[in-house]
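Contents: one structure, followed by commentary.
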Amino acid sequence: MKVRFLEVWRQSNVVKGVLILEGLLLLVLLANCFRARCDRAYGCGDLYMDSDVVQVAVSEDGTEYYLADLDDNITETTILHTDYFSLWPGAYPAIIDYTSQVNYEEESNYQNGNGYFYLTTVDDSIYTRFDTLFLRNGTTSLEQTIRVTSPWKLSGLQMSVSYYGLGELAVSSLEVREIPAFRYLLFFTAILLFVIFDLVAYVLLLDRNFHYEKEVGILTLVCLAAILPFIADYAYAGHDIDFHLQRILFLAEELRNGNYFPAILSQALNGYGYAVPLHYGQIFLYIPAFLYNCGVSLRVAYNIYICLLSIATCLVMYYCALKIFKKTSTALLASALYTLSAVRLSNIFTRAALGEFTAQTFYPLIFLGFYNIYTAPKNEKITIRKYWPIIVGLTGVVVSHLLSIVMCTMLILAFVLILIKKTLEPQRFFALLKAAALTIAVSLAQLIPMATSMGTDENVFYTVNYIQDYGAYLIQIFNSVVNNYQASMDDSGYALREMSYSIGFSLTLGLILFVVWRIRLKKAEAQEKDKSGFATLCWCAALVTIFLSTKAFSTITLIFCRRVFILC
């Protein structure tokens, strides 16, 4: 590799130019890591007063602060602002200490408090992003991170406070503090991206002895297709996006406070706390939470998490399909269909079902593990090398999404009962037992707290709806794209909020390929026909599973349950 690299360096000026450019960018980022901190603090006497309604007041302990207080309502007005200041590229939490008391006797939007805190730039720069912070009641300090993305020092920044005139607003201080970890995060991220880009470019374009250009190229394209929509400082507003972003935010807060394995997110529910981790595993959320604490915006941290999962899903599916089918073309097709399937994209874009699309990364491993066990020769000893995918896959699902592990368990039970003769063969039976025991052992940190909490008689949540009232419509089964049917209504006027949850193109193409394969199998040799039983069984199980998710099955189940209830 070293000799070939030197040969390419001597022969290609393009390679020289790219590597020199990457080196210069890394030097700039490295120099940025060693500069002095860039902090700003504004107390009483450091801010400019813009209105007569604000004045300097003194608290009982002698601390001065700015106070805006009127008996009569006024129109919204700016009362305070800082001088212009400059910031180097980086991440800077902007913090305001205040108290707000809205006059509720007046008609007002009390949820937005009595004012707001915002950032402006002289040239309306595109290199900063800062959302308005409403100064709500019941909170004395708020912060939001300013992210400067310019390649140079950005000047002309100014922080201001506006007042609604609906009561009392007191401001003690404004502060900007840099997060030094963000500089190092940028530097090491740049190194990682450059290494990945250089390796992919080298094996695809320059290394003549590399014979897997097709595989690397197609996998790269599939990964790019999956992650390109998320390379932005925006997040798709799916159904559950608020809940999962709050999970990341509250976990990041726990990590900052030194609580590295929280069972209760203490900042949730307005500070009362919520034991989400007991039933909603969060081991993978440490990635976006860590990024957020390093200064990455919550939206970008969430998008990076989706990108990493999409790449992992693509590679995991390719690995599992290659182990099963022994053909790279089939593995590439399976990887593309699974990664870009409508049901997965619906979970990401429209539903923002973080638990579900995290669990989907591990499903192929579970399938591979059972394939290894049930296709092993009858007298062959089945070691952990055969069933480790079951342990990793099921553990990944356990710490990702509780409902998914329930469904996996039901399908596994059905599978082993259908193949009961093979299941009871000693080497397969004991391999399954060992896989189950090791999975439970590895997952105890999630399972024990969950089981303990379920033993209490607390009624945390109640709903009048039943699972039998729901199910997939026929249009969802064969819908080839991820459309958003949130505005669709049924006969009763109920909005079909989940109509975007589709199975689509991958199912249709898979059905066609299966039919073609069965037709070709008739002309195959007897030895190949003997190997077709497992694949046929798996496909039939997939069709049964799809039927179990339909509205028709849920309706039949509901009618049956009501009849049984009446008879009893």
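The values are calculated or read from the model by the stated rules, or taken from the named source; none is laboratory data. In this text, all values refer to a predicted model and were calculated from it rather than measured experimentally. Cβ sites come from the backbone with ideal geometry, for glycine too, and all protein chains shown count toward neighbours. Just so you know, the surface numbers come from the protein's heavy atoms only, side chains and all, with ligands and any DNA or RNA stripped out. Shrake-Rupley method; radii C 1.70, N 1.55, O 1.52, S 1.80 Å.
Between the amide H of Gly156 and those of Phe85, distances stay under 5 Å, these residues lying 5 or more places away or on another chain, with hydrogens modeled in the peptide plane. Note on Ser335: accessible area approximately 0 square angstrom, rounded to 10, probe 1.4 Å, nucleic acids and ligands left out.
For segment 391-437, with all protein chains in place and a probe radius of 1.4 Å, 86% of the accessible heavy-atom surface sits on carbon or sulfur.
Loop-located trypsin sites (Lys or Arg not before Pro) across segment 361-417 with a Cβ neighbour count of 12 or fewer within 10 Å are Lys378, Lys381, with loop assigned by DSSP. The H on the amide N of Leu80, modeled in the peptide plane, is under 5 Å from the matching H of Asp50, Val161, each at least 5 residues off or on a different chain.
Across the cross-link table entries Lys16/Lys323; Lys386/Lys522; Lys378/Lys434; Lys214/Lys323; Lys214/Lys378, which are compared at the Cα atoms, the separations over 28 Å belong to Lys16/Lys323; Lys386/Lys522; Lys214/Lys378. With 0.36 nm allotted per residue and the present C-alpha distance subtracted, the Leu204-Leu25 stretch has 62.0 nm of extension available. Whole-Hz Karplus values for segment 169-178 come out as 9, 10, 10, 8, 6, 10, 8, 10, 10, 7 Hz, taken residue by residue from phi with 6.51 cos²θ - 1.76 cosθ + 1.60 and θ = phi - 60°; glycine and proline positions read x. In the full protein context, segment 177-324 carries 52 Å² of accessible surface per residue, based on a 1.4 Å probe and ignoring ligands, DNA and RNA. You can think of it this way: the chain between Ala312 and Lys381 has 21.8 nm of extra reach, that is 0.36 nm per residue less the Cα-Cα gap. Return the FRET efficiency for the residue pair Leu513, Ala36: r is the Cβ-Cβ distance, R0 is 56 Å, and the value is rounded to the nearest 0.05. Efficiency for this residue pair is about 0.35.
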